[in-house]
Amino acid sequence: MTVTPTIKRLIQTKAPVSELLNAAIATGMRTLKQDGILKLLEGHTDIAQVRSVAV
């Protein structure tokens, strides 16, 4: 995740996690689940591995 000025401000002001998550996703961050699905579609892993770490 890239720490942008917006994300830095949210961290400094102790904003709720939901706001921080939304800001990070808006700047291009993928969640663990999203990344697992992409790797699944590319054939790098299987659904059992994705489910075991990204419920």
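Scanning the range 2-11 for residues that are exposed (fewer than 13 other Cβ atoms within 10 Å of the Cβ) and in a loop (DSSP other than H, G, I, E, B), which turns out modelled with the lowest pLDDT?
Restricting to residues being exposed (fewer than 13 other Cβ atoms within 10 Å of the Cβ) and in a loop (DSSP other than H, G, I, E, B), the top hit is T2.
So, T31, is that one β-branched (V, I, T), surrounded by 12 or more Cβ atoms within 10 Å (Cβ to Cβ) and modelled with pLDDT of 95 or more or not? First the steps, then the outcome.
Values: β-branched (V, I, T): yes; surrounded by 12 or more Cβ atoms within 10 Å (Cβ to Cβ): yes; modelled with pLDDT of 95 or more: no.
So T31 fails the test.
The values are calculated or read from the model by the stated rules, or taken from the named source; none is laboratory data. Please read all numbers here as calculations on a predicted model, not as lab measurements. Reconstructed Cβ throughout: ideal geometry from the backbone, glycine too, with neighbour counts over all protein chains shown.
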